[in-house]
Amino acid sequence: MKFFLVMLFLTSGLDMVSGLFFSGFFIKLEVLRVSLEYNLSGFSVLLVLLAMFLWCLCVLASWFTKYHFNYLQVILLLINFLLIQTFLVSDFLFFYIFFEALLLPLVVLIGVWGSRDRKVSAAYQLFLFTFFGSIFILLSLLVFYSHFGLVRDFHWMGVSLSSSRQIVFWFAFFIGVLVKVPMYPLHTWLPEAHVEAPTVGSVILAGIILKLGPYAVVRFLVNTFDWGSFVYSDKVQLFAAIVILLASLATCVQVDMKKIVAYSSIAHMNYALLGIFAFQPEGFLGMTILMLAHGIVSPALFLSIGFIYERYKTRLLVRYGGLFRKMPMLGSIQFIFILANMGFPGTFSFWGEFFTLMGSFFRNTLVCFVAGSGVLMSAVYSLMLYTSLFFNQVFNFYVDFGVKSWLSGIFVYNKLAFDINVRISNLKSLCESGVPFVYFMDFRESSYRYFGDLSHREFFLLMSNLILVILLGLFPGGLMILIDNFDLISLQLN
């Protein structure tokens, strides 16, 4: 918390002309001719503040964790430390080192504190997919060092590359960051990781880890390989628009609440790529706002889902309905986050999507219309999630029955959940199996009554995000001026 306040103080002293607060050499490795240099640029400081804010939320959200609480806090602190290093270093080699070092605590967080049996498999997928993309970056760094003897800074110390070499290096680095965005077809690890991760793991993944991909594109890829980025910008934009549409369609058919938010995150991060490769001021402004807005809204949705899961131990939408009657406070707060997730005017996310699509429209009208369909689909799956959770009637019933075990001479009690259509067809088979008694209980009436609304801690966590969403949505001018004065990118295209 102290460091978070110090970062706020440092931000007030940013040089608005250069967008750079300090630059210093801390470690020099003369053999490799590289140095660990920290540059707190305008783009970096926003993501550092977001990382610190989410770290505070994760500490409070995991406050009552009983399983190895101290080790969990160490993992969260290590992830936050590595994130800050990643956003502050200017040398690409050290960026790659910290970029890959984040894998280890993330794998431990999901594999140890995950919520289901497939948590180890999800941790392996996260590691293998990310490591696969990183191999291309590592090979490019080695080839670059062998040819030029220099792996230094994202401007490469003025080293010029030929067009053919730029294309090769550009594709290698683009595949490396493709996994972190993520884009099709290297996206399948994200929904699985979100479903198996604990609540704090989903908050970190959606809130800040997914920002590493667009950040690497802005800070290193576009600045270093400017010609290759400009040549393939139209193709990347079209690909991102198609991924937005496909991810939105996939979101509409999900039944797990976490997967709904996970697939929507894929669509939102591809909006960020759309804004970057538009190469328009509006696109860069929208990309920055969208990343910050998604870093606030998506963690709030995962926190809400986590609070519900702690009470009812299921994330399947078919198990819920009419929850607003029992948890009106959560339903009211969640409604604002649902509006923000669909980019409703007056919320912070609206400005990000608006300026991103505006920049894309100036560059490619067709791509803008394809990506704009994702905005309509976001309204569909967002409202579907909210209405199914808080207003729909429950069509599920619990069937409690006792089955006598003739071998042991005792009664074994089981509890099963059936869909209303399934239970009617299975009622006859249950009776014929010799079940002594069968009775039905409405899931809503029998279960919801035992759980109250948000606690003070949960209310504080959600309100912290809600205040930012509303204030920055209604009064975005100050932040827009701040972002506009930052030197987000040094690329100049004629």
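Looking at (1) touching a Phe, Trp or Tyr at 6+ places or on another chain (Cβ under 9 Å); (2) under 27 Å from I209 (Cβ atoms); (3) touching a residue at least 12 places away in the same chain (Cβ under 8 Å), which one does V318 not meet, given that it meets all the others?
Looking at each condition in turn, V318 falls short on (2).
I'd like to check something: does the stretch 369-376 contain any residue that is at pLDDT 90 or above, more than 20 Å from the chain's Cα centre (by Cα), more than 27 Å from L479 (Cβ to Cβ) and of a type in the set (A, V, I, L, M, F, W, C)?
No, every residue in the stretch 369-376 fails to be at pLDDT 90 or above, more than 20 Å from the chain's Cα centre (by Cα), more than 27 Å from L479 (Cβ to Cβ) and of a type in the set (A, V, I, L, M, F, W, C).
Please name all residue pairs, on different chains or six or more residues apart, with Cβ atoms under 7 Å, provided the first residue is in the stretch 181-199 and is more than 21 Å from Y215 (Cβ to Cβ) and free of Cβ contacts under 8 Å to residues at least 12 places away in the same chain and the second residue is in a helix (DSSP H, G or I) and among the β-branched types (V, I, T).
Close Cβ pairs satisfying both conditions: none exist.
Identify the single condition in (1) part of a helix (DSSP H, G or I); (2) farther than 12 Å from L466 by Cα that T314 does not satisfy, given that it satisfies every other one.
(1) is the only condition that T314 fails.
Residue by residue, here is whether (1) among the β-branched types (V, I, T); (2) farther than 23 Å from F459 by Cβ; (3) without any contact (Cβ under 8 Å) to a residue 12 or more places away in the chain holds:
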position	(1), (2), (3)
M291	no, yes, no
L301	no, no, no
S304	no, no, no
K313	no, no, yes
F355	no, yes, no
S360	no, yes, no
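Of all residues being surrounded by fewer than 18 Cβ atoms within 10 Å (Cβ to Cβ) and farther than 18 Å from I97 by Cα in the stretch 22-48, which is modelled with the lowest pLDDT? Just the residue, please.
F22
All but one of (1) out of contact with any Leu (no Cβ under 9 Å at 6 or more places or on another chain); (2) buried (at least 21 other Cβ atoms within 10 Å of the Cβ); (3) within 29 Å of F307 (Cα to Cα) hold for L273, so report the exception by its number.
(3)
Inside the stretch 210-263, counting only helices (runs of 4 or more DSSP H) that do not spill past its ends, which hold 1 or more residues that are in the same structural domain as Y38 (by TED's automatic domain parsing), in contact (Cβ under 8 Å) with a residue 12 or more places away in the chain and crowded, with 24+ Cβ neighbours inside 10 Å?
On the way: elements: 212-216, 226-231, 233-252.
Where helices (runs of 4 or more DSSP H) fall fully within the stretch 210-263 and carry at least 1 residues being in the same structural domain as Y38 (by TED's automatic domain parsing), in contact (Cβ under 8 Å) with a residue 12 or more places away in the chain and crowded, with 24+ Cβ neighbours inside 10 Å, they are 212-216.
Would you call I308 farther than 30 Å from V45 by Cβ, aliphatic (A, V, I, L, M) and not in a loop (DSSP other than H, G, I, E, B)?
Taking the combined requirement at face value, the residue satisfies it.
Of all the residues that make up the stretch 161-209, how many are crowded, with 21+ Cβ neighbours inside 10 Å, small (G, A, S) and assigned to a helix (DSSP H, G or I)?
6
In this structure, is F337 in a helix (DSSP H, G or I), within 18 Å of the chain's Cα centre (by Cα), modelled with pLDDT of 90 or more and under 21 Å from L479 (Cα atoms)?
Numbers: in a helix (DSSP H, G or I): yes; within 18 Å of the chain's Cα centre (by Cα): yes; modelled with pLDDT of 90 or more: yes; under 21 Å from L479 (Cα atoms): yes.
Criteria met by F337.
Residue check: is L76 modelled with pLDDT under 90, of a type in the set (A, V, I, L, M, F, W, C) and assigned to a helix (DSSP H, G or I)? Before you say what the answer is, go through the steps one by one.
Numbers: modelled with pLDDT under 90: no; of a type in the set (A, V, I, L, M, F, W, C): yes; assigned to a helix (DSSP H, G or I): yes.
In short, no.
Of a type in the set (S, T, N, Q), at pLDDT below 85 and farther than 23 Å from F362 by Cβ: which single residue out of S265, S160 fits that description? Show your work before the answer.
Values: S265 fails: at pLDDT below 85.
When all the criteria are applied, what remains is S160.
Please work out which residue is farthest from S44 (Cα to Cα), limiting yourself to the stretch 62-73 and to residues that are of a type in the set (S, T, N, Q) and not in a helix (DSSP H, G or I).
Kept after step one, since they are of a type in the set (S, T, N, Q), are these residues of the stretch 62-73: 62, 65, 70, 73.
Add one more test, that the residue is not in a helix (DSSP H, G or I), and what stays is 62, 65.
Working: S62: 27, T65: 32 Å.
The qualifying residue farthest from S44 (Cα to Cα) is T65.
Among the residues of the stretch 191-248, how many are polar (S, T, N, Q) and more than 14 Å from I276 (Cα to Cα)?
Of the stretch 191-248, the ones polar (S, T, N, Q) are 199, 202, 223-224, 229, 233, 237, 248.
Filter again for more than 14 Å from I276 (Cα to Cα), leaving 199, 202, 224, 248.
Total satisfying the criteria: 4.
The values are calculated or read from the model by the stated rules, or taken from the named source; none is laboratory data. Since the structure is predicted, the reported quantities are computational estimates derived from the model, not experimental observations. Cβ coordinates were reconstructed from backbone atoms using ideal geometry, including for glycine residues, and neighbour counts include every protein chain displayed.
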